[in-house]
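Worksheet: one structure, shown below.
The values are calculated or read from the model by the stated rules, or taken from the named source; none is laboratory data. In this text the structure is predicted, and so the values were computed from the model without any measurement. Backbone-built Cβ (ideal geometry, glycine too); neighbour counts: all protein chains shown.
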Amino acid sequence: MSRDKTMTAEEVVGRLRSGMTIGIGGWGSRRKPMALVRALLRSDLTDLTVVSYGGPDLGLLAAAGKVRKVVAAFATLDSIPLEPHFGAARQRGDFEFVELDEAMFMWGLTAAAHRLPFMPIRAGLGTDLLKVNPALRTVTSPYEDGEELVAAPALRLDAALVHLNRADAQGNGQYLGPDPYFDDLFCEAADTAYVSCERVVDSADLLKEAGPQTLLVKRAFVDGVVETPNGAHFTSCAPDYDRDEAFQRAYAKAARDPEAWQAFVARFLSGDEDTYQAAVTAFHEEESA
């Protein structure tokens, strides 16, 4: 019988160490494992390398001084084009930044998932990407075509954090929205992987809401499962909930003013996850009033 891998967000963070390379799933401001990110913020971990299709995960970790290096294709809030904390930290030179093409990023995860050093790809050819990343290399096809290709480096991860709609206690994870993003690759590219989800269900119930093609993450690649209702907030987790645009606007506005940001942190990020969710509820009650 498969073992029960359920744990708390704090137990997940307790397995991580400063200096690790951590991959964070989702895309921009969509289905980010925000409850796990908030648990990271509450920890004393630092000096992290974060690999992400970036959104508020990068912004919050950068604002908290947790990040030494970022590997990303972008950092956006989607409906707000630029992640404000990330942009400010980048301008200050707070961390080393490796910018990759979106496809190169995907193939880097794929190479890591297959335990290969790189993947030969065409993405990046004819662009300035190779100029801003002088460490990138090209390779020549060993066959008759002799084509020159970019060698997308493997993005090996010490740990991966992803958020899905459903999971069972053994680590099988299911997405129910329109896009799987690359959460499966993050898990497969990592030495350890942790899945947070809206609800933990029995294995037999995973197919009651959708077909088998939605079973994105396999238990063999998962070390821990955390049930975190509303755990992607304020990013979207369709179809369970959309992005909280009002809260995201408040976040972005506060991020641009140091005094306002301190007040935001005190109200929303100074307690545990239950405190955060209660503060969000109160925020919306005030907005409605």
Inset, instruction - Working only within the range 175-184, note down all residues that are surrounded by fewer than 24 Cβ atoms within 10 Å (Cβ to Cβ) and touching a residue at least 40 places away in the same chain (Cβ under 8 Å). - result: Leu176, Gly177, Pro178, Asp179, Tyr181, Phe182
Inset, instruction - Return yes when Phe95 is within 30 Å of Ala255 (Cα to Cα) and free of Cβ contacts under 8 Å to residues at least 40 places away in the same chain and no when it is not. - result: yes
Inset, instruction - Any residue in the range 210-236 that's touching a residue at least 12 places away in the same chain (Cβ under 8 Å) and of a type in the set (Phe, Trp, Tyr): show its pairings with residues that are in a helix (DSSP H, G or I) and crowded, with 19+ Cβ neighbours inside 10 Å at Cβ separation under 9 Å, as long as the two are six or more apart or on different chains. - result: Phe221/Ala113; Phe221/Asp184; Phe221/Cys187; Phe221/Glu188; Phe234/Met34; Phe234/Pro56; Phe234/Gln248; Phe234/Tyr251
Legend entry - Conditions (1) outside any strand (DSSP E or B); (2) in contact (Cβ under 8 Å) with a residue 40 or more places away in the chain; number of the one not met by Ala135: (2)
Legend entry - Qualifying positions in the range 6-38 - more than 15 Å from Thr76 (Cα to Cα) and assigned to a strand (DSSP E or B): Thr6, Thr21, Ile22, Gly23
Inset, instruction - Return only the number of the condition from (1) surrounded by fewer than 21 Cβ atoms within 10 Å (Cβ to Cβ); (2) under 26 Å from Pro56 (Cα atoms); (3) not aliphatic (A, V, I, L, M) that Arg115 does not satisfy. - result: (2)
Inset, instruction - Considering only residues that are touching a strand residue (DSSP E or B) at 6+ places or on another chain (Cβ under 6 Å) and crowded, with 24+ Cβ neighbours inside 10 Å, look in the range 60-71 and name the one that is farthest from Ala154 (Cα to Cα). - result: Leu61
Inset, instruction - Could you please find all residues in the range 36-59 being surrounded by fewer than 24 Cβ atoms within 10 Å (Cβ to Cβ), over 20 Å from Asp191 (Cβ atoms) and among the hydrophobic types (A, V, I, L, M, F, W, C)? - result: Leu41
Legend entry - Candidate set: the range 171-202, residues that are acidic (Asp, Glu) and either in a loop (DSSP other than H, G, I, E, B) or out of contact with any Cys (no Cβ under 9 Å at 6 or more places or on another chain) (or both); chosen: the one farthest from Lys218 (Cα to Cα): Asp179
Inset, instruction - Return a yes/no flag: does the range 76-94 have any residue that is in contact with a helix residue (DSSP H, G or I) (Cβ under 8 Å, 6 or more places away or on another chain) and either outside the structural domain of Met34 (by TED's automatic domain parsing) or in a strand (DSSP E or B) (or both). - result: no
Inset, instruction - Go through the residues of the range 152-159 one by one and say whether even a single one is outside any strand (DSSP E or B), touching a strand residue (DSSP E or B) at 6+ places or on another chain (Cβ under 6 Å) and either within 30 Å of Thr275 (Cα to Cα) or modelled with pLDDT under 95 (or both). - result: no
Inset, instruction - Test each condition in (1) loosely packed, with under 14 Cβ neighbours inside 10 Å; (2) at pLDDT 95 or above for Lys208 and report the one that comes out false. - result: (2)
Inset, instruction - Sort through Ala254, Ala266 and tell me the only one that's at pLDDT 95 or above, small (Gly, Ala, Ser) and loosely packed, with under 13 Cβ neighbours inside 10 Å. - result: Ala266
Inset, instruction - Determine which single condition Glu259 fails, assuming it passes every other condition in (1) closer than 24 Å to Gly54 by Cα; (2) outside the structural domain of Ala160 (by TED's automatic domain parsing). - result: (1)
